[in-house]
Structure formats: C-alpha cells, structure tokens
Amino acid sequence: MRLTFSRLLQVATLASSALGATLPTRGTEELVERASGTKYVFAHFIVGIVASYTQDDWANDMTLAQSIGIDGFALDIGMDPYNDQQLGYAYAAAAALDFKVFLSFDFSYWSSADTSLIAGNITQYASQSAQFTYNNDVFVSTFIGDGFDWSTVASESPALFACPNYQAASLSGGADGVSCGFNWNAWPSSDNAPIDQNMTTAGDQDYLNALGSMPYMMGVSPWFFTHYGPNSYDKNWIFYSDWLWNTRWEQVLQLAPQFVEIITWNDFSESHYVGPLHPDDTSVYAGGSTGAVEWVTGFPHDAWRDVAQVYIQAYKNGDSSPTVTTEELVYYYRPTPKDTTCSDSVAQPTGYEYDDDSVFVIAMTSSPGTVVITSGSNAPVSIPVVAGINTVSAPMGLGSQTFELQRNGAAVIQGTSSQDISNTCTVYNFNAYVGSVKA
Ligand SMILES: *[C@@H]1O[C@H](CO)[C@@H](O)[C@H](O)[C@H]1NC(C)=O
Ligand SMILES: *[C@@H]1O[C@H](CO)[C@@H](O)[C@H](O)[C@H]1NC(C)=O
C-alpha cells in the first residue's frame, strides 16, 4: 500500500510577517468576508490510507461527521489502484446518508498534464446523487496544483465549480477556470517552518484580497505534528498548536467564509485528524517500519469534534459567538514535558521548544464558572471562565490529570483522564491526547 504523506505544505505563508504577528482586531484595514447564502463545512479525507475500507467503514465515519454538522468529505486522491473501489464505496455510503462528497486531487501525484484523466475521474462520479454541487456545478478541489488549467478540464466534463488549493499569489495571477480558493495553510508558520506565534488571519486576508468576490474555503485544523526520521520520510516538525483549535474557529466566525474545510478527518501521519482511531487497522497509521502508529496509537482526538460541533452551528447561523447548551470540558496535552529525553533514534521535532509545558482545557460552559485543573502533584489551579467557549491552561505536572468545573465551590463536572503525563518515553511524541468530561 502506498501511503500519502505528502501534505508537505509547499504552500508558503505569504506575507504573514509583513501583515503582523498579532491577532488582527476588526480594524478598518481588515477585509472581512461575510458570505451570504448557505455555508458548508467539509472535512479532508485521505483516500490513500483506506485501501481496505468497507462501505460500512465509510458509513461509520460519515455518520460521525454528519452528527456534528459536517456536510461532506473532500476525498483526497492520488493515483492509487484502489481509488475506484474506495470512491465507489464512498459515493454509495454518502448517498444512503444524504451526505455529500467531492474529489480533491492531490497534486503531489497528479500533474498539470493530467487534464483528461482528471476530467475522466470527475465525470465518472459527477452524476452520483452524493456528489456535492454548488450553483448546480460539480464541486472539485485540490491539495496544491497551482496554476492547473481547470478550463480545459471543464471542456471535457460537466460544468465545474473548481475550488483548488492554490497559493493566494497564483489566484491573483489569473488562474484559469477557478471559481473559489482553498487555503490549506491552517497553522502558524513562516515559509513552512514552525514559528513561536499563535495563528492569525493574515494568510486568510491574502486569499480574500486575491479572490475578490469569489468564494473562499478556509482551512481549519487542530494540530500538526509529524515525526519521520532521515531513514524514512525525513519530515519531523510541530507547528505551534497549543491554542489552535479554539482560536481558528473564532477566526471562522469572524470571517464567515462561504466554505470551511477541516484539515483533516484522517491524516494520522501529521496528527491533524479529528476522526476516530482505527485500532483494528493500525496499518493506516504506518509508514514503513517507524510509522505514525508510534504517535497515534492511544491518542484519540474525538472530543475535538464536540468543540467543532458548537462552532459549526454558530458559523452556519451567522453568529459571531458560539452558544453552548451542553457543558463540557475538552482537555488536551502532550504525554511528556518537552525537555524529557526519550530513547528515540529520531530527534525532537523542529519547533518543539515553542510548545508550552501545559495542560489545556477548552471549557464549554453555558454560564460562568471556575475550571480547576489538577495536573500531577501540582497544586490545583483555578481559572474563572465566562459563558461560551474559552481555552485555559495550567502548568503540566507528572502523573494523573484531573479536570473540574465548579460553581459556588462545588463540582458540577469532574473527571480524571486515562492518560498520565510521564517523564519516561521511547518516542518524542508531540501529538495531543484529547479527552473530555461532561455532566
Ligand atoms: C482516473 O485516473 C486514473 C489515474 O489515477 C486513470 O487511470 C483512470 O483512467 C482515470 N479514470 C477515468 C474514467 O478517466
Ligand atoms: C497564544 O495565545 C495564548 C492565549 O491568549 C497565550 O497565552 C499564549 O502566550 C500565546 N502564545 C504565543 C506563542 O504567543
């Protein structure tokens, strides 16, 4: 099985330093997209790692996605021989659930010469009921592929609504046949290198400027950590993600783009999955002998979907802030302090030193309260929160991790994570363990 480890972010972070490092406020110079009409949320799904999926596996993932308000999957395809079988299952499973899908050509594999093959693949699925269409045109997207000739494809296929992931500069360069732009770059970075900053909307502004009146598809991601050594894919870094999930969704409400794409549903290799783990098939995490299985096994991200659900609702309503009806503390943290030495043949990921040795809680509350974090043997840390969704943190301590929401000195929500923080390790694992406590 060939695996897709290609999201190397060749997408440069254009001009983000020039536009400033701090989170922009709603100043006059800020271009704010407030898209009209129905808004849609998709999740990026890597078909390349599901060679052995059944239609039921697809239906399970789609049911989970649909239950939080995701409208469809962007089906990332390379040129794998099992594409047709898996796309057949995906379109059939989606049709049965009234879920939507569209093809997202991964230009780590496809090239500018492939217009006819791409048109052929689009046409093959375009008339299926699960195909996502926009303004009655067949929706199609990409990972990279700047400057690809979508007009030629459209001359050999049904009418297209092409929303590729080009860099903003390529969009303004008059990209041919493009109706929309997708910004993959959903992590703090500069020229694809980690930086010690929170995510800003500077990159989004570049796209909005380049797109003018065309719709924007905004990438939203919770994390990015990948750890392949020089004998493997030689791809070993973390983008600063400590506050990312909550911050990025707030930016979605601020910009209110036409489309949101969650990056990703199942790219385990880069730790930005929000879909379920697949414990019976850890091969999907593997990449040679030292694969993502090392940093993904036992590291669920499911509770991040609960946060997304509330934000998706607010985004679709056109609200400027989320409305919490079910209270929950969604916590996440790395399993070891960053300066711990692990018995790992691969070094610490680039950018690791920017991480905070903290335990984080996204508090979803319907009225004010106090979050109490007890991290290992540290004294409990109490942090007041207002109603809504707020991320708070406390310094990381070794041992068990307990989370509480208190009102009037009494716990209304309380629980202990099943993942301890430890200072012994065999892998520099900078993935996040994500869990939650509810009433
Ligand atoms: C779809 O693309 C593949 C290459 O990955 C190609 O072999 C196949 O012929 C294409 N399908 C159609 C119907 O053009
Ligand atoms: C990111 O934002 C959080 C919350 O405002 C802040 O505590 C943290 O210091 C910021 N991180 C960086 C690197 O600026």
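Quick look at the values:
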quantity: Qualifying position, being without any contact (Cβ under 8 Å) to a residue 24 or more places away in the chain, in contact with a strand residue (DSSP E or B) (Cβ under 6 Å, 6 or more places away or on another chain) and more than 15 Å from ligand 1 (Cβ to nearest atom), among A130, A159; calculated: A159
quantity: Tally of residues being in contact (Cβ under 8 Å) with a residue 40 or more places away in the chain and assigned to a strand (DSSP E or B) across region 374-389; calculated: 3
quantity: Neighbours by Cβ (under 6 Å, 6+ apart or cross-chain): first from region 82-103, closer than 22 Å to P158 by Cβ; second of a type in the set (D, E, K, R) and surrounded by fewer than 23 Cβ atoms within 10 Å (Cβ to Cβ); calculated: K100/D71
quantity: Test: residue in region 82-89 that is assigned by TED's automatic domain parsing to the domain that holds W184 and more than 13 Å from ligand 1 (Cβ to nearest atom); calculated: yes
quantity: Condition broken by D204, with the remaining ones in (1) more than 25 Å from V138 (Cα to Cα); (2) buried (at least 23 other Cβ atoms within 10 Å of the Cβ) satisfied; calculated: (1)
quantity: Count of region 228-260 residues which are of a type in the set (D, E, K, R) and in a strand (DSSP E or B); calculated: 1
quantity: Lone unmet requirement of (1) away from ligand 1 (no atom under 15 Å from the Cβ); (2) assigned to a strand (DSSP E or B) for A65; calculated: (2)
quantity: In region 406-432, residue farthest from D302 (Cα to Cα) [restricted to those that are in a strand (DSSP E or B) and in contact with a strand residue (DSSP E or B) (Cβ under 6 Å, 6 or more places away or on another chain)]; calculated: R407
quantity: Selection within region 390-405 - part of a strand (DSSP E or B), within 21 Å of W304 (Cβ to Cβ) and either assigned by TED's automatic domain parsing to the domain that holds T247 or away from ligand 2 (no atom under 13 Å from the Cβ) (or both); calculated: Q401, T402, F403, E404, L405
quantity: Residue pairs meeting the criteria (Cβ under 7 Å; at least 6 apart or on separate chains; first assigned by TED's automatic domain parsing to the domain that holds F239, in region 174-200; second basic (K, R) and not in a loop (DSSP other than H, G, I, E, B)); calculated: A186/R248; M199/R248
quantity: Failed criterion for N209 (all others in (1) of a type outside the set (D, E); (2) under 19 Å from S112 (Cα atoms); (3) surrounded by fewer than 23 Cβ atoms within 10 Å (Cβ to Cβ) hold); calculated: (2)
quantity: Of the criteria (1) within 18 Å of F259 (Cα to Cα); (2) away from ligand 1 (no atom under 16 Å from the Cβ); (3) not in a loop (DSSP other than H, G, I, E, B), which one L75 fails; calculated: (2)
quantity: Hits in region 102-112 (condition: within 12 Å of ligand 1 (Cβ to nearest atom) and in a loop (DSSP other than H, G, I, E, B)); calculated: Y109, W110, S111
quantity: Residues of region 253-282 satisfying the condition of being under 19 Å from R34 (Cβ atoms) and hydrophobic (A, V, I, L, M, F, W, C); calculated: L253, L255, A256, F259, V260
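The values are calculated or read from the model by the stated rules, or taken from the named source; none is laboratory data. Since this is a predicted model, take the numbers as computed values, not measurements. A quick note on method: Cβ atoms are made from the backbone with ideal geometry, for glycine too, and the neighbour counts reach across all protein chains shown.
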